[in-house]
Each structure stands twice: as C-alpha cells, then as structure tokens.
There are 2 protein chains.
Amino acid sequence: MKKLINKPENALDEMLEGMTKAYPTYLRRLDQTDVLVRQDLSADKVGVVSGGGSGHEPAHCGYIGKGMLDAAVAGAIFTSPTPDQIYEAIKAVDRGKGVLLVIKNYSGDVMNFDMAKEMAEMEGIQVASVVVNDDVAVENSTFTAGRRGIAGTVLVHKIAGAAAERGWDLDKVKETAEKVIANERSMGMALSPCTVPAAGKPNFSLAEDEIEIGIGIHGEPGTHREKLVSADAITQELFDRILADYPLKSGDEVAVMVNGLASTPLMELYIINKKVHELLEGLGVTVHQTFVGEYMTALEMAGMSITILKLDSDLKMLLDDTADTPALKVIGTK
Amino acid sequence: MKKLINKPENALDEMLEGMTKAYPTYLRRLDQTDVLVRQDLSADKVGVVSGGGSGHEPAHCGYIGKGMLDAAVAGAIFTSPTPDQIYEAIKAVDRGKGVLLVIKNYSGDVMNFDMAKEMAEMEGIQVASVVVNDDVAVENSTFTAGRRGIAGTVLVHKIAGAAAERGWDLDKVKETAEKVIANERSMGMALSPCTVPAAGKPNFSLAEDEIEIGIGIHGEPGTHREKLVSADAITQELFDRILADYPLKSGDEVAVMVNGLASTPLMELYIINKKVHELLEGLGVTVHQTFVGEYMTALEMAGMSITILKLDSDLKMLLDDTADTPALKVIGTK
C-alpha cells in the first residue's frame, strides 16, 4: 500500500501540524500534546470534548469550532488517546460551566476518558460523559464491549455542540447528547481493507468480488462476507438491519448520513443516498437533513456506512444551528 | 475494481438524483437534462455556469449555491456535456445580466461550451467565457490543446461566484475570473489509477512502488514515473514545478489548495499541507486561506494536486465572501 507520508512514526504529529497550519483561525495545538483546541473559546458555555484514535479524519479535530467541539484529542492511529492528554483537553476548555466528553464505545477509549474525567473531577471540574454506540452490526467485537461507535458520533458532536453554544447547562447538554445516541443507528460495509502505516500491510483481505457487511471503522469483523451485489441491494440490506433495531413509522422525521470510509467516490455515495431516500419515502418518513461525504473515515478503506437519526423539534433546531468548523459548516440563524 | 453502483449506464442519472435528494434546498434538476440549477436564483445578478465530464465530484454540481455557481452541467463520466444541455443551463440562469461560463481546458469542453454560447447569443443572451488551464504539468496532453484545467477551477468558481453575488457586471466578473486564472498554478501526482464504470478496468497501471508525476484528473499521462519517495520530497517536487512557472516573492499572499483525487486519506493531505506551508514560509510568502480536501476528484484514483493562487486585495475579499453550497461553505460577512 502506497502512502503519502514521511516516517510512519511522525505521521500523527505532522498531520496535526498540517491541520493547524490549514486552519489557524479555528485551531491551536496545546504545547507538548496531541490536543487541538478551539481558538475562539467562548467564555461562558459548557465545553464539549471528543477524541479517539487517529485515522478517522476529519474526525475528530476537524469538528472543532463554533457549534461543535471545543477540543479534540488525537490518539495514535487506531489507538485510544492517553488519560493525561484527555485531562489537558478538559482543563483547556473548562470555563466553570463543566465539560461534556463524547466517547466512542471502544474499551480503551471508555477507560481512558473515564480516568481523565476522574482526574479533572479531583481538580474540581464538573465533567459529564456520553458513550456513542450507534453501530447495529455486532455486539462485543474486537476492541469493544457492546456496540461500536461509528459515524453517528459526528451527529452527537453537531447537536451537543449546538446545545452548549446556546448556553444550555451541563445536565441539559448531556441529556441532549443521550437523546441523539438513543435515537440513532448506523450500519456499514467495506469493499477493501486499510493499512496502518506502522504495520505496512492491510488489516484484512477481501476477494475481488467480495464485500464485508457490518465492518467497523478499524477493519474489525462484521456480520458476514458476501458477493458484491448492486448498490441498491447493499443499501436495502443495511437499511433493513437499521430498521430492525430501530423501527420508523409514517410521519417520522429523520436526519440521514451516508458516510464514506475514504476511497469510495462521492458519486457512489450519492447513488446510495438516492436509495436511502427512496426507502424512507416508501415508509412515509420525511428527511429533514442529509449529510453525504467523508465524516468518519478508516484510513484508505473503501466502503461506507448509513446512519439514521430520528428527530424531534429540539434536535431539528440544534441540527440547523450554525456550525463553523473546518470539516462541517452549517449556515444557520443561530 | 469493486464499485457501489447499479448499472454503469445509470450511474450518472442516479448520482444526480442522489444529489438532488440530499440538497433539495440548494439544487433542482432541469427536466430531461443532466443540468442542476440553484434553487434560490437571484433575480438580479450575472449567472455563473460550469460543468464538464462527471467523475470529479463534488465538481461541479456540488458548488451550486450562494456565492458560487448558478448551474452546472454534468456530462457522462470523463466526457464533455453536450451543447444543448449547456444551452439549457445558460437559459435557466440568465436574468438579463448575462452569464459567465467557466470551462476547464479540454478540447471537447471548450468546443461544446462555445457552441452553447453561440446558441444562447443567437437568442439574445449575453454570454462570456473563461478557460481554466492551471495545470503546469504538460502541454497538449490527451484530450487537451494547451494546459489542462484541474483543481484550480474550484477557486475560479469561488471568486467569480462571489463577484457575481456582489452584483458586479459581466465584464467585471469575467475580468476577475481571468485574474484568478492568470494568478494560479497547479500540479498533481497519482499513486493508483481509476476505473470508468462502463470500461470496467483501470485506465492505466502503476507498479507497487511507483507513482506518476503530473498526471491529469482523467489518468492522462504526466511528465514521468518515479519510485515512491517521501511526502515531503513529492511536495517539494510539485512545488518547485509550480514556482518555476509562476515565481513568488517575499511579501506575496496566496491561497493554497491541497486537493485529494479520491482515495488518498485526509491524514496524508494534511501532511502534504504542512510541507507546502513550510516551503511558502521559507520564501516569506503569507498564506491567506487554505483548502485541504477533495474538491476535484478522479473517480477513485489515489493521489493529489497542489494549487497556489496569488492574491490581491480584491481576490482576498472575494475569497472570504460567504459561499453556501453543498461542497464548499465559507461563513463570511458578505
């Protein structure tokens, strides 16, 4: 696998430098850390912090800015960030209103964010946390007890970030994030593996006519392998799995995310999106907002995931609020 | 090559449907065409129209919206749109102030946009056109007489679109677009080929340790092949080629675009961006704005291009103006 990097051991550091140079008005890097912090930190709001292993760009540092995250902690590739770095992020963004941690459900992330939370609480900082587990594919996969957190995490960033930006208190921001997690489900599939730079070889292999359904964002096993079929048939399969877990009914309103894992062209994601909308229309479900693009990637893996979030009036309002971050911008009225 | 499509012959139509469903407040499709038009067409401004072969998504339909394009015409994959469709786009957006066509320099595009321009002029519509030829790699490559138009085209959309949105007249919008074209240069490279769905096989091949420098966005030949070296060395090589053609001096201000061709992870593009910024800093050149992402792709090709645009005060102002499109948003004061 050919990569545009220098030394594998420097890739994370160089990436964070490259991000900071690209977006100096949005991001600054905390000295001696892999923590990026929002430049225009608001003086009077709940802080929102996320993070996780790298290799999922633009997640999570790309979502730092007005209406989303105040800081993100970048672990080594596919590896949880350490508690001390998460603790630095919490300290950097706390403004006396407390801090919400948005954690993807991987054992290492949950453990390290929890330790950082305890460290911050010992310093008198009020910290709450939520764990995102939107992937309906499998329970207790590699790295995870329970369901994995995947692309739906970005919708938690968007909505919890908007709630914090509106000046809501920590309890209410946490409650809102938990509502998103309760109301969203995702399911993904892959056409090809990815290669961690330091490993130098693909993390699994698939035959030329084979896909894997239910795969995670690190190449963890999914539910099964099957022959490549049409985009419509694959979309139907993922959609049915999502709805089996979280049924929708006529009159419901949802947000849709069709997330590319990296190598899948936007053309193909739009074709998937067409089918998702048709399936929802068939049920009498209205789509309030659609996101098609690369929001939570897996290095250079080809594949995609579908996320469906059921909305109520509060979630719609917060989804439509302004977000001004490098990777996701919404031009709203608030 | 595995693709998430249905029938190859339906890919373009289904993609356009998927885009329209994703962004119904931004886009509508003209009946019986592959033309997408801005929903909130302004009553009193110059229209800006672009287009070209498909397979470069989000270009060009993703750039339809406030501050960028009013319509885009999608040809078959890697194939120029037909004159009649371009003509429909021109008619749909003309509001009596005239229409600017932004054309990438490929023989088919130039010929077909010119024919459409003549058809519209016969109907009394005032039409101007500019031809983008930012790629310094080669002259007279496959499909092209002269230099090719690549990722720099998106900066023409941004700036000409902002000029039109400000109410500038057709001559001044055209003059501004020409200034962007005169002041920008790009150069790209690839690590892997891409596969046109209907062809079913890759359009060229590269060995496992080989890259091609100066390649175009359809896999047209570049200047040479070489062994894969470090990201820094590749960046230096492309940068030197750009500066050999358009020298910069201390005190200059520029915009930078590091454009992914599709399969190259954002992590790698940020590593490239770090080096581009360091090289510019070394020359005493200031970066006013940076774009890192997939702006002008080549189906699932791995690789990237670097674009550098020298700015003056007008170009900076227009670059910072609000753009509200599916694929590029700038939250400005105008």
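The values are calculated or read from the model by the stated rules, or taken from the named source; none is laboratory data. Source: prediction; values computed, not measured. For neighbour counting, all protein chains shown are included, and Cβ atoms are generated from backbone atoms with ideal geometry for every residue, glycine included.
Condition check ((1) more than 9 Å from every other protein chain (Cβ to nearest Cβ); (2) surrounded by 21 or more Cβ atoms within 10 Å (Cβ to Cβ); (3) at pLDDT 95 or above) across all residues:
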{"site": "B:Pro221", "(1), (2), (3)": "yes, no, no"}
{"site": "B:Asp232", "(1), (2), (3)": "no, no, yes"}
{"site": "B:Ala244", "(1), (2), (3)": "yes, no, yes"}
{"site": "B:Leu248", "(1), (2), (3)": "yes, no, yes"}
{"site": "B:Val258", "(1), (2), (3)": "no, yes, yes"}
{"site": "B:Thr264", "(1), (2), (3)": "no, yes, yes"}
{"site": "B:Thr297", "(1), (2), (3)": "no, yes, yes"}
{"site": "B:Lys316", "(1), (2), (3)": "yes, no, yes"}
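Considering A:Ile86, A:Ile103, A:Ile90, which residue is buried (at least 21 other Cβ atoms within 10 Å of the Cβ), farther than 22 Å from A:Gly152 by Cβ and not assigned by TED's automatic domain parsing to the domain that holds A:Leu243? Before you say what the answer is, go through the steps one by one.
Details: A:Ile86 fails: farther than 22 Å from A:Gly152 by Cβ; A:Ile103 fails: farther than 22 Å from A:Gly152 by Cβ.
Of the residues listed, the single one that is buried (at least 21 other Cβ atoms within 10 Å of the Cβ), farther than 22 Å from A:Gly152 by Cβ and not assigned by TED's automatic domain parsing to the domain that holds A:Leu243 is A:Ile90.
Does the stretch A:143-150 include one or more residues that are under 28 Å from A:Ala92 (Cβ atoms) and touching a Lys or Arg at 6+ places or on another chain (Cβ under 6 Å)?
yes
Anything in the stretch B:18-40 that is out of contact with any helix residue (DSSP H, G or I) (no Cβ under 6 Å at 6 or more places or on another chain) and either of a type in the set (S, T, N, Q) or more than 14 Å from every other protein chain (Cβ to nearest Cβ) (or both)? List them, or say none.
B:Thr20, B:Thr25, B:Arg28, B:Asp31, B:Gln32, B:Arg38, B:Gln39
Taking only pairs six or more apart or across chains, which ones have beta-carbon atoms under 6 Å, a first residue in the stretch B:284-303 that is in contact (Cβ under 8 Å) with a residue 40 or more places away in the chain and charged (D, E, K, R), and a second residue that is surrounded by 24 or more Cβ atoms within 10 Å (Cβ to Cβ) and not in a strand (DSSP E or B)?
B:Glu300/A:Ser263; B:Glu300/A:Pro265; B:Glu300/B:Cys194; B:Glu300/B:Ala262; B:Glu300/B:Ser263
Would you mention how many residues in the stretch B:48-59 are at negative phi and within 12 Å of another protein chain (Cβ to nearest Cβ)? Please lay out each step first, then the result.
Taking the stretch B:48-59 and keeping what is at negative phi, we get B:48-50, B:53-54, B:56-59.
Still in the running and within 12 Å of another protein chain (Cβ to nearest Cβ): B:53-54, B:56-59.
Here the count works out to 6.
For the structure I just gave you, tell me whether B:Ala43 is away from every other protein chain (no Cβ under 14 Å), small (Gly, Ala, Ser), touching a helix residue (DSSP H, G or I) at 6+ places or on another chain (Cβ under 9 Å) and free of Cβ contacts under 8 Å to residues at least 60 places away in the same chain. If you could, list the steps in order and put the result at the bottom.
Values: away from every other protein chain (no Cβ under 14 Å): yes; small (Gly, Ala, Ser): yes; touching a helix residue (DSSP H, G or I) at 6+ places or on another chain (Cβ under 9 Å): no; free of Cβ contacts under 8 Å to residues at least 60 places away in the same chain: yes.
Against the criterion (away from every other protein chain (no Cβ under 14 Å), small (Gly, Ala, Ser), touching a helix residue (DSSP H, G or I) at 6+ places or on another chain (Cβ under 9 Å) and free of Cβ contacts under 8 Å to residues at least 60 places away in the same chain), B:Ala43 does not qualify.
Working only within the stretch A:133-172, note down all residues that are part of a helix (DSSP H, G or I), within 16 Å of A:Val256 (Cβ to Cβ) and not hydroxyl-bearing (Ser, Thr, Tyr).
First, pick out the residues of the stretch A:133-172 that are part of a helix (DSSP H, G or I): A:152-165, A:170-172.
If we keep only those that are within 16 Å of A:Val256 (Cβ to Cβ) too, we end up with A:152-156, A:158-159.
Residues satisfying the conditions are A:Gly152, A:Val154, A:Leu155, A:Val156, A:Lys158, A:Ile159.
So, restricting to strands (runs of 3 or more DSSP E) that lie completely within the stretch B:221-320, which ones have at least 2 residues that are over 17 Å from the mean Cα position of the chain (by Cα) and not small (Gly, Ala, Ser)? Steps first, answer last, please.
Numbers: elements: B:224-227, B:253-260, B:286-293, B:303-310.
Filter on the stretch B:221-320 gives B:224-227, B:253-260, B:286-293.
Tell me whether the stretch B:111-122 contains one or more residues that are out of contact with any helix residue (DSSP H, G or I) (no Cβ under 9 Å at 6 or more places or on another chain) and in contact (Cβ under 8 Å) with a residue 24 or more places away in the chain. Step through it out loud before you land on a result.
Step one: of the stretch B:111-122, the residues out of contact with any helix residue (DSSP H, G or I) (no Cβ under 9 Å at 6 or more places or on another chain) are B:121-122.
Add one more test, that the residue is in contact (Cβ under 8 Å) with a residue 24 or more places away in the chain, and what stays is none.
Scanning the stretch B:111-122 turns up no residue that is out of contact with any helix residue (DSSP H, G or I) (no Cβ under 9 Å at 6 or more places or on another chain) and in contact (Cβ under 8 Å) with a residue 24 or more places away in the chain.
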